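> This is the structure, below, for whatever I ask next.
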Amino acid sequence: MCVDISSPRPPITPLLGSVFEIGAHMRNSWAISLVILSFIWLASGVAAQGESCIEVWNYWSDDVRHTVNLNSGVVTSRQMPEPVTGYQGESSPDGRYNARMEAEVKGSVRYQLKLTDRERGLSIVLADGVSGLEWSPDGKWLAYMQAREDRSLGGLALYHMESGERILGSLPDNNWDMLGIDWSPDGSLIAATFIVDSVFLGSDVQLYSVPDLTLVKTFNTRISSGKTMWSPDGRSIAAYGINDVFAMMDVASGRVFHVGLDGHGYYEADWSPGGSYLLIRHSFGDLAEMMDILNARGEILVQNRYITSSEWVNDHQALVRTWESSGLNDLTLYDLESGDQTVLQAHVGLQALSPDGRLVAAADTLAPGMIRVVDLTGAEAVRDIVTPDEFNSLIWREDDRGLIALFSDRSLREYDLDADEWQTIAEIPGHNWSLQWARCDQS
């Protein structure tokens, strides 16, 4: 059901909501029953909170998934639905609402903004001539770019999901192209990116305060910044596009640092947890990537290192599988503060980082049957664990005091660091092998 509401439009929550009142004069027996049912529900909820579950799945052939209750060993299998392809819009952080752009008429280059409340099963057309949208981190605001009738960009708009308030910040007459809207981590600023030079594909990133949409700052870049990434601390913005130049923007000072890289094909970037460093990956053939690491000032600290995977341990340390001339990988710890590069495991096969980022478990492909555990803080000595069989997947226990592995005989086993022993939890059917933590099914 789609309702086209002319401006001013009422808030979607009151519009789609329904109010049900419960009579105040209920019978005593009914009230007692409710108390008993509530007690049972709460008791079952407390019991469920103590359960831990692992999901066994495959990345490439994700047709069936198995959930294993580690407390009981019960395995529950479920058929996965066919993946939905194509543009599905943008869902709010809590998943209740969906915002998507749809052509005003078939074949049109102008788009309507359609807002759907999944809980109520109702949709409204919120705006016409929309060219971009993005939810705020808390899901209370929806930001979008409103175009004029001549298709030029008219301004940045905000819609408040609870009150229905609509705010519009105007733009000067322009022939800009909209590239994207990005909220700061705390939701206080919006970075809107525009192509302002269609010949050289130069772009501007403009910062607007929320909710008044006052223009705070403009960053001029010489790249087509198709992707912008706020640092987790909100102090910096990285931007990159179709060429090999990155723009690093300091939010407080307004300075822009341009960094040229020797890239090929595509780029992926990942800020460190505290926002001090940016790890960049770009393609190099089919089997490896190149890695560069920059600091927030745009200085290159690591350049053109062949890798196959990477993950941040903390704000200044990265765990990287480096691709060596032997054709095998070494598991290397990069410390950006000291500049040290330490090989934790040569010829690394499987690896797992503990949830607290303190312990690394890794296996040597040339020495099967052994797992090495390294404490990155140096508090514990290196420990070698003998495995009873070959294994295909490895994950840490949630309390960091043990490992869970799926072995080649399809047995899921747990290793306790304190007891120094393996115990079988369950037998896993099928061919799935990837392990990840999952919510236990309480249905």
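The values are calculated or read from the model by the stated rules, or taken from the named source; none is laboratory data. Computed from a prediction, not measured in an experiment: that's the story for all the values here. Quick reminder, even Gly has a Cβ in these numbers, built from the backbone with ideal geometry, and neighbours come from all protein chains shown. Please note that ligands, DNA and RNA were not included when accessible areas were found on the heavy atoms of the full protein model with its side chains. Shrake-Rupley method; radii C 1.70, N 1.55, O 1.52, S 1.80 Å.
> When the helix-only estimate is applied to the chain (DSSP H runs of n ≥ 4, each -39,500 (n - 2.57), divided by the residue count), what is the mean residue ellipticity at 222 nm, nearest 500 deg cm²/dmol?
Result for the chain: -2000 deg cm²/dmol, rounded to the nearest 500.
> Next up: If you place +1 on the Cβ of every Lys and Arg and -1 on the Cβ of every Asp and Glu, how big does the dipole about the Cα centre of the range 324-381 come out, in debye to the nearest 20?
The calculated dipole for the range 324-381 is roughly 220 debye.
> Name the long-range amide H neighbours of Glu398: under 5 Å, sequence gap of 5 or more, or other chain; modelled H, no Pro or chain starts.
Amide H neighbours of Glu398, under 5 Å, 5+ apart: none.
> Only one of the values (i) 22.3; (ii) 27.9; (iii) 18.6 was calculated from this structure for mean projected area of the Cα convex hull in nm²; name its label.
Answer label, from the structure shown: (ii).
> Ok, one more. Counting only residues 5 or more places away or on other chains, whose amide H sits under 5 Å from the amide H of Cys440 once H atoms are built in the peptide plane?
The list, which skips near neighbours in sequence, is Cys53.
> Please identify every one of the GluC sites (Glu not before Pro) in the range 112-150 that sits in a loop by DSSP and has no more than 10 other beta carbons within 10 Å of its own beta carbon.
Filter output for the range 112-150: Glu149.
> Would you mind pulling out the separation of the Cα centroids of the range 120-158 and the range 171-232, in Å?
Distance between centres, Cα-based: 16 Å.
> Follow-up. List every residue whose amide H lies under 5 Å from the amide H of Ala296, counting only residues 5 or more places away in sequence or on a different chain, with H placed 1.01 Å from N in the peptide plane.
Here the answer is none, since no amide H 5 or more places off falls under 5 Å of that of Ala296.
> Still on this model: With every protein chain in place, what's the accessible area of Leu350 (1.4 Å probe, Å², nearest 10)?
60
> Okay, moving on. Toward the positive end of the charge dipole of the range 238-337, about the Cα centre and with charges on Cβ (Lys, Arg +1; Asp, Glu -1), which of Ile242, Ser276, Thr308 goes farthest?
Towards the positive end, the residue furthest out is Ile242.
> Enter the accessible area per residue of the chain (Å², integer; probe 1.4 Å; all protein chains in place).
About 52 Å² of surface per residue is accessible.
> With θ set to phi - 60°, apply the Karplus curve 6.51 cos²θ - 1.76 cosθ + 1.60 along the range 125-142 and write out the HN-Hα couplings as whole Hz, x wherever there is a Gly or Pro.
8, 7, 7, 10, x, 9, 10, x, 7, 6, 7, 6, x, 8, x, 7, 10, 10
> Once you order the gyration tensor axes a ≥ b ≥ c over the Cα atoms, which shape class does the range 343-396 get: rounded for a/c under 1.5, otherwise prolate or oblate by comparing a/b with b/c?
Prolate, because a/c is 1.5 or more and a/b exceeds b/c.
> Please give every one of the lysines within straight-line cross-link reach of Lys106, meaning a C-alpha to C-alpha distance under 24 Å, and leave out same-chain neighbours fewer than 8 residues apart.
Candidates past the 8-residue exclusion: Lys114.
> Using a 1.4 angstrom probe with every protein chain in place, what is the largest-first accessible-area order of Val256, Val105?
Val105, Val256
> Rounded, prolate or oblate for the range 168-207? Axes are the square roots of the Cα gyration tensor eigenvalues, ordered a ≥ b ≥ c, and the cut-off for rounded is a/c under 1.5.
Verdict is oblate for the range 168-207.
> Please list Ile167, Ile428, Ile300 from largest to smallest accessible area, probe radius 1.4 Å, with all protein chains kept in place.
Ile300, Ile167, Ile428
> While we're here: Out of the trypsin sites (Lys or Arg not before Pro) in the range 168-267, which ones are loop residues according to DSSP with at most 12 other C-beta atoms within 10 Å?
Those satisfying the criteria are Arg255.
> Right, another one. In whole percent, and with a 1.4 Å probe on the protein chains, what portion of the accessible area of the range 49-108 is carbon and sulfur?
Looking at the range 49-108 in its full context, I get 50 percent from C and S.
> Which percent of the accessible area of the range 132-208 is formed by carbon and sulfur heavy atoms (probe 1.4 angstrom)?
47
> Apply the Karplus curve 6.51 cos²θ - 1.76 cosθ + 1.60, θ = phi - 60°, to the phi angles in the range 391-408 and return the couplings in whole Hz, x for Gly and Pro.
10, 10, 8, 8, 8, 7, 5, 5, 8, 6, 9, x, 10, 10, 10, 9, 8, 5
> In whole percent, what relative contact order does the range 298-404 give with Cα contacts below 8 Å and a gap of six or more residues?
15
> So, with a 1.4 angstrom probe, what is the percent of accessible area on the range 302-356 that is carbon and sulfur?
Result for the range 302-356: 43 percent of the exposed heavy-atom area is carbon or sulfur.
> With θ set to phi - 60° and the Karplus curve 6.51 cos²θ - 1.76 cosθ + 1.60, what are the ³J(HN,Hα) couplings of the range 431-440 in order, to the nearest whole Hz, using x for Gly and Pro?
10, 5, 9, 7, 10, 8, 5, 9, 6, 5
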